[in-house]
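The values are calculated or read from the model by the stated rules, or taken from the named source; none is laboratory data. Computed from a prediction, not measured in an experiment: that's the story for all the values here. Cβ coordinates were reconstructed from backbone atoms using ideal geometry, including for glycine residues, and neighbour counts include every protein chain displayed. Just so you know, the surface numbers come from the protein's heavy atoms only, side chains and all, with ligands and any DNA or RNA stripped out. Shrake-Rupley method; radii C 1.70, N 1.55, O 1.52, S 1.80 Å.
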Amino acid sequence: MARKPGKKKTQFRKNRQARARARPERSLTGVEGDWEEEEGFEGSERIVPPGQDERQRDGISRNQALEGIAENTQLPIGRITLIRSRLCEVDLGGEVMTCQLRGKFKEISVDQRSVIAVGDRVMVEQQKDGTGLIRELLPRTNELARISYTHNRMAHVIAANVDLMVIVSSVHGPPLWPGLIDRYLVVAHHQGLTPLVAINKSDQDEDEEIPRCLEEYASLGYQGIRLSAATGEGMDELREWLRGKTSVFAGQSGVGKSSILNVLKPEFELETGEISAATNKGRHVTHSASLLSLEKDTYVVDTPGVRTFDPYDLILGQVEAAFPEIAALAPKCRFQNCEHDTEPKCAVKDAVENGTVLERRYRSFRSIVE
């Protein structure tokens, strides 16, 4: 059957048993030590057949690939709440159904380790045994993704179709890490998500780090909030931020994402963990992302903690856009494609030297684009 004019043909994987290529020699940070981070998903938590992880990058996005095989299906629409092995849970208006993915979706060629993620909207056909078959995947409005460290040159999509990104940090155990906040802000800006910088464990803020950090981000146009899962500080304000939205909680292991959600709704009973006394880092307790109903029309995504976060497939201008103080100066650089590194007559480097741009923010910017 002839394809519609101007429509890209969906590509399917040819070498289904291809061996996964080695990890790239160079991450966005360029720091090999940061590769210790776990994927956050268990190794089997992919709805693809074993040994068939390799997909070809052909420039066709996930949404374009789905357009090429879309059918006029009239079935109930639900949202994926959890992915387990080759099955997933789908919320169909309050009823949660265990579903499997239709075979055709396992073969499309995209640059992501899986064609589904928590938060995806899907059409489900109920089977005789009470389980469901995902017949159609609907396009995404946005996605929180990073480089996959186990699937070469692919994106690890943590959550899809969200409105608000709550970037959770803490002041102690683990210590405050503004550079990681910056990385999440880059993705939030690129994907059109509203970011909220949330710093937990305010009851342990003996050195008044939280006000200084939030003031810095406020000066750049980013809103923030101080929280304490232990005392309840800021929880009412956070609840107002979340109301009527789908929000994803992202941040380091041990900052208290699950603890905060347990305070907001004790019925969640999410597992929490202690901080390692040896490393002062959090231990991985949340192993997979999950979409949870907080209240009517309000959903939250609890995600595994990270030890680093490398934004996926961004160009220089997209990173600059999330650093407004750098983006404002970039047009004044001598070279149009200035990377603000070794180039002469760089307005950004001049601003760092005279204190107009914070040296910390400049180093953070460079660590992402290197």
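For region 285-315, filtered to residues that are more than 15 Å from the chain's Cα centre (by Cα) and open to solvent by less than 50 Å² (accessible area, probe 1.4 Å), the residue that is farthest from ASN337 (Cα to Cα) is LEU294.
Against the conditions (1) more than 17 Å from the chain's Cα centre (by Cα); (2) surrounded by fewer than 19 Cβ atoms within 10 Å (Cβ to Cβ), GLY179 satisfies every one except (1).
Within region 331-355, the set of residues being buried (at least 19 other Cβ atoms within 10 Å of the Cβ) and part of a loop (DSSP other than H, G, I, E, B) comprises CYS333, CYS338, HIS340, CYS346. In region 68-85, how many residues are open to solvent by 80 Å² or more (accessible area, probe 1.4 Å) and over 23 Å from THR303 (Cβ atoms)? Selection size over region 68-85: 4.
When restricted to residues that are among the β-branched types (Val, Ile, Thr), over 19 Å from ALA229 (Cα atoms) and buried (at least 20 other Cβ atoms within 10 Å of the Cβ), region 183-206 contains 2.
Those residues that are open to solvent by 10 Å² or more (accessible area, probe 1.4 Å), over 16 Å from SER290 (Cα atoms) and part of a loop (DSSP other than H, G, I, E, B), I need them from region 86-123; list them, please. If the condition is that a residue be open to solvent by 10 Å² or more (accessible area, probe 1.4 Å), over 16 Å from SER290 (Cα atoms) and part of a loop (DSSP other than H, G, I, E, B), then GLY93, ARG102, GLU107, ASP111, ARG113 are the ones that fit. With respect to the conditions (1) among the hydrophobic types (A, V, I, L, M, F, W, C); (2) within 16 Å of VAL187 (Cα to Cα); (3) surrounded by fewer than 18 Cβ atoms within 10 Å (Cβ to Cβ), LEU358 falls short on a single one, namely (2). Determine whether region 136-143 contains at least one residue that is part of a strand (DSSP E or B), over 19 Å from ASP302 (Cα atoms) and at pLDDT below 95. Within region 136-143, one or more residues are part of a strand (DSSP E or B), over 19 Å from ASP302 (Cα atoms) and at pLDDT below 95.
Of all positions in region 265-284, none carries a residue that is over 30 Å from SER228 (Cα atoms), open to solvent by 30 Å² or more (accessible area, probe 1.4 Å), modelled with pLDDT under 95 and in a helix (DSSP H, G or I).
Residues that are touching a residue at least 60 places away in the same chain (Cβ under 8 Å) and of a type in the set (S, T, N, Q) were ranked within region 202-248; the one that is nearest to ARG360 (Cα to Cα) is SER247. Checking the stated criteria, SER170 turns out to be among the hydroxyl-bearing types (Ser, Thr, Tyr) and under 18 Å from ALA250 (Cα atoms). Look through region 207-240, keep the residues that are among the small types (Gly, Ala, Ser) and not in a helix (DSSP H, G or I), and return whichever of them is most open to solvent (accessible area, probe 1.4 Å). Restricting to residues being among the small types (Gly, Ala, Ser) and not in a helix (DSSP H, G or I), the top hit is ALA230.
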